[in-house]
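As structure tokens, the structure follows; a few thoughts come after it.
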Amino acid sequence: MEGVIALMRSVPVSTKPGVVLPRISARRSSPYISTNFSKRDVCLIRAQQLDSREASATVPPPPPPVSDSQDNALKLKEWEVGRLKEEVAATQGITIRRRPPTGPPMHYVGPFEFRIQSEGNTPRNILEEIVWHKDVELAQWKEKKPLVSLKKALGAAPPTRDFIGALRAAQQRTGLPGLIAEVKKASPSRGVLREDFDPVEIAKAYEKGGAACLSVLTDEKFFQGSYENLAAIRNAGIKCPLLCKEFIVEAWQLFYARTKGADAVLLIAAVLTDLDIKYMIKICKILGLAALVEVHNEREMDRVLGIDGIKLLGINNRNLETFTVDISNTRNLLDARRTEIIREKGIIVVGESGLFTPADIAYVQEAGVEAVLVGESLVKQPDPALGIANLFGKDISV
């Protein structure tokens, strides 16, 4: 049954001339239904259509205050733009909704503003829940750290390292896929993986064991990670290039990752449209970041192979909607036609999830994988460096 959330209209209500009552609001407890709209986030598609020169320019100041009627129009336009983006995503096979489909925000009865709450405002799966939470989280972060301040902070950021070059060098040295070892405390499907979690010590053990690169989880709510972990590993003198493992939905996150010492970022095709991916790859080039574009089904694979500029393609054997794992997914996606496209474009394929034994590594390598991203089977080991040797069936340390 549909419920109704009533909110006081933002216009102050007065019962007597010259007397203005304080604003009162009633909010649903769910974090996914935002009752406050940011004027700076209205034209989402316009921001993604910026070319690389516009993206590197100074962000303009916020617009001047608007009247109540203008504010209402902006909110309605924001909803319309969001709906348009959802329609575009649907044509590309994307089922993950970026925000709850709350409908147009304005329904008035007297001095009250109503918003309709329905079953459609419940996340369909864990990935959608993560993305909805990320949208709320980002609104809070951007208030504290506007993009203009991040751009100023770039001058103090350490230089990026060659993430792709490190993977190629490791493969040439060992004859095995280059290893991206993941610093990961927990996951939604497995819970806490390591109680005595020290991100810097784990990173050092990975580097000692022969990892070419490291992946650092930065999502806090669902994976108990943080950008502080990323920065701490970078500042500890770890030489391995670092991948910021985050659920990226806005370019702001790319800048933030760069200021925290990232050398590469993850872009998930199950969440991002082709336009999103193209735009973010442009920003990554400006920032010197490598982009690992991740797919987990045939539709996503073909979409990504049709986008120019991709150099790292991750095949996730975990279905991000159900979290089930099947490593045969890698072989199924790497058929002869797609393998030829990958070869022509010089793309490195990264196998992800479900890799626990030397046999697993051999299986995805035979399918055409040149690098692997492994977290759970390593971070749970008392000695992660020894865990790497056990995973590959031999010592791959330098």
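The values are calculated or read from the model by the stated rules, or taken from the named source; none is laboratory data. Quick caveat, the model's predicted, so the values are computed rather than measured. Positions of Cβ are generated from backbone atoms using ideal geometry, with glycine treated the same way; all protein chains shown enter the neighbour counts.
Is it the case that residue 331 is assigned by TED's automatic domain parsing to the domain that holds residue 203, farther than 21 Å from residue 320 by Cα and either of a type in the set (D, E, K, R) or in contact with a Ser or Thr (Cβ under 8 Å, 6 or more places away or on another chain) (or both)? In short, no.
Results for (1) of a type in the set (Ser, Thr, Tyr); (2) in contact with a His (Cβ under 6 Å, 6 or more places away or on another chain); (3) surrounded by fewer than 24 Cβ atoms within 10 Å (Cβ to Cβ), shown as yes or no for each residue.
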| position | (1), (2), (3) |
| --- | --- |
| 174 | yes, no, yes |
| 177 | no, no, no |
| 180 | no, no, no |
| 192 | no, no, yes |
| 195 | no, no, yes |
| 200 | no, no, yes |
| 208 | no, no, yes |
| 212 | no, no, no |
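Any residue at all in region 324-336 that is over 23 Å from the mean Cα position of the chain (by Cα), over 15 Å from residue 268 (Cβ atoms) and β-branched (Val, Ile, Thr)? Looking through region 324-336, none of the residues is over 23 Å from the mean Cα position of the chain (by Cα), over 15 Å from residue 268 (Cβ atoms) and β-branched (Val, Ile, Thr).
Looking only at region 195-252, residues that are of a type in the set (Phe, Trp, Tyr) and either in a loop (DSSP other than H, G, I, E, B) or touching a Phe, Trp or Tyr at 6+ places or on another chain (Cβ under 6 Å) (or both) come to 4 in all.
For region 351-398, the set of residues classified as within 17 Å of residue 173 (Cα to Cα) and not in a helix (DSSP H, G or I) consists of 369, 370, 371, 372, 393, 394, 395, 396, 397, 398, listed by residue number. Evaluate the following for residue 351: is it in contact with an Asp or Glu (Cβ under 6 Å, 6 or more places away or on another chain), crowded, with 22+ Cβ neighbours inside 10 Å, closer than 30 Å to residue 387 by Cα and touching a residue at least 40 places away in the same chain (Cβ under 8 Å)? Taking the combined requirement at face value, the residue does not satisfy it. Can we say residue 188 is in contact (Cβ under 8 Å) with a residue 40 or more places away in the chain and within 27 Å of residue 129 (Cα to Cα)? Criteria met by residue 188.
Quick check on region 166-179. Is at least one of its residues touching a Lys or Arg at 6+ places or on another chain (Cβ under 8 Å) and either assigned to a loop (DSSP other than H, G, I, E, B) or of a type in the set (A, V, I, L, M, F, W, C) (or both)? Taking every residue of region 166-179 in turn, none turns out to be touching a Lys or Arg at 6+ places or on another chain (Cβ under 8 Å) and either assigned to a loop (DSSP other than H, G, I, E, B) or of a type in the set (A, V, I, L, M, F, W, C) (or both).
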